[in-house]
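Below is one structure, written out as structure tokens, with a few remarks after it.
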Amino acid sequence: MGVIDWFKRGVGEMMVARPDDAKAHVVWKHPDKTIPLKSQLTVEADEKAVFFRDGKAIATLDAGRHTLDSSNLPFLSNLVDSFTGGNVFIAEVFFVNVREHTGVKFGGRIGHVEDPKSGIPVECMVHGEFSFRVTNPETLITGLVGMGRAESYTVRSWMKEQVLKVIRDRIAELMVKNKWPMLDVTSGAYTEEIEKDVLAGLGDHVKSYGLHIVRLGNFVIDIDEEDGANLKRLYTDAAYLRTVGGVDGYQKFASGKAMMGAGEGMAKGGGSGGSGDGGGLMGGAGLGVGFGLAQMLVRDPRGGEALAPATAGIVCPHCMTNVAAGKFCNQCGKEMEPAEKEKAEAPGAFCTGCGSPIAVDARFCGQCGQGREG
């Protein structure tokens, strides 16, 4: 018949077996429900044969060659068709492959998952392979495949959906519960833990269908390329803050970041009109915000290490306190940076009232308050 190797000798014998081109099918249904007694049924070592009548499982035969006769298979007596003189029985025979099926590929979106380390949601994907095995052929047929002509892709496609569903739920739960940084997850640091948890979760989903997920292979969790680059920048900045240390370090860090932002803005045409796309304004705004943030993160002289908003003035490079301009800090008494002195002692910039050096662009003396002439 092309799809099965069988022949008939009158009504005395038929060879019933799965054809070679159907060996890879998880479930294969014999095409003929009318089978003569004394027929020979061959069940391969990696499969089982399940007999159904009127939608109910009657019996399951293990590997071997079986003569279909009620004398050695008593259950057949309930399947004999009386209209044929007792020479034929009617049943639906399914061959179910019970070996481990490997290399089943899956993949898809997990969705947005919040990175516990940064608090930023990132787009996640997963792909890999898994293997499965049929543990209860009767349950698989009645619960999932159905009594029609079985196709293996229906079993595999359904299992791919289950694997992806469980992975989607478990990864989000594990990351939140264990506070795993997303970049550590994508590096494979937690692959073994995730696989173990996913397999346990899949067991509950597929057991009722007579299936078992054996293992996951080439299991990879990935994130959107742009999201990954953003996370790396954030992690790098956080690591730098820990390196430079505390508030003092953050002030320098904020100022440096502001300067870099301003430089990028000017390189794109900002500062003096630019191309009209707002680059210059944004460069200047970034510079102002950076220095504003740096000045806010200074020591409060009244409260030791506490943070306090800065008032008008300059920041002492020694005690990092916001103080009035002058030669010496009015909090720690140390001399201001040489750069400040050099600026103040520019040629021709002296107060005509008290003789103190003043900045070239200053309108009033910082020592006596007299207005600058000229």
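Read the figures in this text as sums done on the coordinates, not as results from a lab. Quantities reported herein were computed from a predicted structural model and do not represent experimental measurements. As a convention, Cβ positions derive from the backbone with ideal geometry for all residues, glycine included, and neighbour counts pool all protein chains shown.
Side notes on the structure shown:
- Protection proxy ranking of 46-52, 69-75 - average other beta-carbon atoms within 10 Å, highest first: 46-52, 69-75
- Taking the C-alpha atoms of region 15-97, convex hull volume expressed per residue in Å³: 85
- Between amide H atoms placed 1.01 Å from N, distances below 5 Å from residue 58 occur with 51, 52, 53, all of them 5 or more places distant or on a separate chain.
- Ellipsoid equivalent to region 101-228 - semi-axes via the Cα gyration tensor, in Å: 31, 13, 12
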